[in-house]
Amino acid sequence: MAPSITTLSEQAFVAQAAREDQRVDGRRLQDHRRIKAQIGVQPGNVEVQLGTTRIFAVVSASLVTPYPEKPSEGMVVIDLAPSPMADPSYEPNRWNEDLREARAVLQRALIRSRAIDAEALCVVNGQLAWSLRIDLKVLDNGGNIIDCACLAATLALKHFRHNEVSVEGDKVTVHTLEERRPVALTLHHIPLCVSFGLMELPSDENKGLGEKLVVLADPTNVEEKCMQGRLTVTASGKDSAMLYGIHKHGGAPIGPEVVLRCSEQAVQRAMELDEVVDG
Amino acid sequence: MATRKDGRTAEQLRAMICELKPLNQADGSARFQFGSTQVISGVFGPREGRASNRDSDESTITVTWNRGARMSGPREKEYEGIIRKTLEALVVRAQDPLCVIDVTVQEMLEGGSSLAAGLNAAVVGLVEAGVALHSLCAAVAVALLPDGSAALDPDSEEEAGAEAVVTVAVRASDNAILACTCDGAVSEVRLLGAVQAATDASKTIFTLVRMALEQRLETEQRCW
């Protein structure tokens, strides 16, 4: 499988456009692509499209014994797997560095931020709890997998229902879907990731151009191959004062004013996305 | 013959959808739906293969089958093998030696007849990718129920309650059988009946696929 290659002319084109505050697909620097979300017939099945990026999320739950050190909590696991159809460089069963990083960001956004009420997942203290599994499959890599995956995961969690369980003394009954209406999850907040691409344009004395840092919101896969860093801010639409994560793993160095500006844009974007999540 | 739970007759297929090029990155892709069963396929190729995976005379086909939530197991490996061998009989392999054609099938909704849907999606995906094929191929599943009847294109409930489930892949050019798998115990007479029913039903699928491909050609021509 050939690794994806970007030609020098492609890179130069993207850089030149960025210098003029323009983007290859005609968007402005701060514009995001269109979102299309499809809620599946089975609760917890969601397909989300961000531009051409397409991610499929499935939430499933099973009853397990809770960890001994956390007897009153359930568990949540996120898996972000590439499908070989998503990108010419993806191989089945092969470790993918970018997706590993994306998965870490999602874990912090959804699990470590305590978005899902883990104690509500507990059925019998120390004995029985729900273990949630969020499986995300990348079907089409058009860039910015993190944002798309986060939206898919939150929509799937919002629409997921698990069987109702009733406890009477020592007896635990798992009701079927026909007996009792299935139960929704308790979500404290809806975290949404907003990613920005960082392009560091070098100075060019011949053309009299100085150094410039360009921030692109919602980068496409072509822009991702030409950029020098990424900043992801996790915000919630409802609570604009709180940020649930900031991720910048290496890449182009930026000043604090860039982080502030991006955080404000992220909160703005999260409020827009909130309407998609609620609707 | 009594009607089935969803109102269909024994020979009736569920409403089918064949969508071309749902994906952007893949060379070819297709979405195939039998009622509540939905499968997406993505095809990359022909492209350069790894040294271990190359054949100097013909192209090599690899198939990956992915389920929605669960991990891959023996069922997936079996489906991969069946689809690969069927596609090997279908693709003009001598045209691209030393190349690899990677086919990935993703189950989106599981509602019975998954293997048939997956095979159909894979074939249409190959056509969309521009891979040369000897002929089109369509697959249908038949459930042989305990009451003696045969139900075409069974849903999950019918599959679970069947004595045997037969999946047949039929070639368009001469109605030859490219693949036939039978899950369960069944008499010879019933098996032959099921194969015949599947062959007859495949004609409907060919019509649908041709319509979808012609529509796509029309849109492509209009763009130019």
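The values are calculated or read from the model by the stated rules, or taken from the named source; none is laboratory data. Because the structure is predicted, anything quoted here is derived from the model rather than measured. Note that we place each Cβ from the backbone using ideal geometry, even for glycine, and neighbour counts take in every protein chain shown. The accessibility values were calculated without ligands, DNA or RNA, using every heavy atom of the protein model including side chains. Shrake-Rupley method; radii C 1.70, N 1.55, O 1.52, S 1.80 Å.
General remarks:
- Surface/4 of the Cα convex hull for the range A:186-243, nm²: 5.7
- Degrees, to the nearest 10: A:97-107 long Cα axis against longest axis of chain A: 50
- Exposure of residue B:145 as accessible area (Å², to 10), given a probe of 1.4 Å and all protein chains: 30
- Ellipticity estimate at 222 nm from DSSP helix runs (n ≥ 4, -39,500 (n - 2.57)) divided over the protein assembly as shown, nearest 500: -9500 deg cm²/dmol
- With the convex hull drawn around the C-alpha atoms of the range B:81-150, the volume per residue stands at 107 Å³.
- Column: log10 I(q)/I(0), Debye, Cα scatterers of the range B:1-74, q = 0.14, 0.18 Å⁻¹: -0.71, -0.93
- Sites residue A:187 and residue A:166, calculated FRET efficiency, Cβ-Cβ separation with R0 22 Å, nearest 0.05: 0.45
- Theoretical FRET efficiency, 1/(1+(r/R0)^6), r = Cβ-Cβ of residue A:246 and residue A:207, R0 35 Å, to 0.05: 0.50
- Computed over protein heavy atoms with a 1.4 angstrom probe, the accessible surface ordering of B:210, A:230, largest first, is B:210, A:230.
- With all protein chains kept in place, the per residue accessible area of the range A:1-123 amounts to 53 square angstrom at a probe of 1.4 angstrom.
- Report note on the peptides B:101-108, A:211-218: ranked by the mean count of other C-beta atoms within 10 Å, highest first, their order is B:101-108, A:211-218.
- Note that the range B:104-224 shows a convex hull volume over its alpha carbon atoms of 112 Å³ per residue.
- Accessible area expressed per residue, the range B:1-127, with surrounding protein chains retained (probe 1.4 Å, Å²): 39
- Pairs beyond 31 Å (Cα-Cα), from A:137/A:225; A:137/B:203; A:137/B:85; A:70/A:225; A:36/B:5: A:137/B:203; A:70/A:225; A:36/B:5
- Cα centroid of the range A:77-136 to Cα centroid of the range B:147-199, whole Å: 39
- Here the calculated FRET efficiency for residue A:257 and residue B:157, from their Cβ-Cβ distance with R0 = 60 Å, stands at 0.50, rounded to the nearest 0.05.
- Convex hull (Cα only) mean projected area of the range B:46-185, reported in nm² to one decimal: 9.3
- Of the GluC sites (Glu not before Pro) in the range A:1-88, the ones in a loop by DSSP (not H, G, I, E or B) with at most 16 other beta carbons within 10 Å are A:20, A:69.
- Chain A packed on chain B takes about 2100 Å² of accessible surface away from a 1.4 Å probe, both sides summed.
- In chain A the Cα-Cα distances spread across 10 Å bins starting at 0 as 6, 27, 31, 20, 10, 4, 1, 0, 0 percent of all pairs.
- Centre-to-centre, using Cα atoms only, the range A:148-167 and the range A:240-279 are separated by 24 Å.
- Cα gyration tensor shape of the range A:118-161, rounded if a/c is under 1.5, else prolate or oblate by comparing a/b with b/c: prolate
- Largest accessible area first, the listed residues A:85, A:75 line up as A:75, A:85 when surface is computed with a 1.4 Å probe on the assembled protein chains.
- About its Cα centre, the range A:2-95 has a charge dipole of approximately 280 debye under the convention of +1 per Lys or Arg Cβ and -1 per Asp or Glu Cβ, with nothing else charged.
- 1.4 Å probe, heavy atoms, protein only - residues of the range B:54-101 losing at least 20 Å² accessible area vs chain alone: B:64, B:66, B:68, B:69, B:71
- Here is the list for the range B:1-110: trypsin sites (Lys or Arg not before Pro) lying in DSSP coil, each with at most 14 other C-beta atoms within 10 angstrom of its C-beta, are B:5, B:50.
- Size of the protein assembly as shown as Cα extents on the principal axes (Å, biggest first): 81, 70, 42
- Cα centre as origin, Lys/Arg/Asp/Glu Cβ charges: the protein assembly as shown dipole, Debye: 380
- Built from the Cα atoms of the range A:1-149, the convex hull projects on average onto 11.3 nm², one quarter of its surface area.
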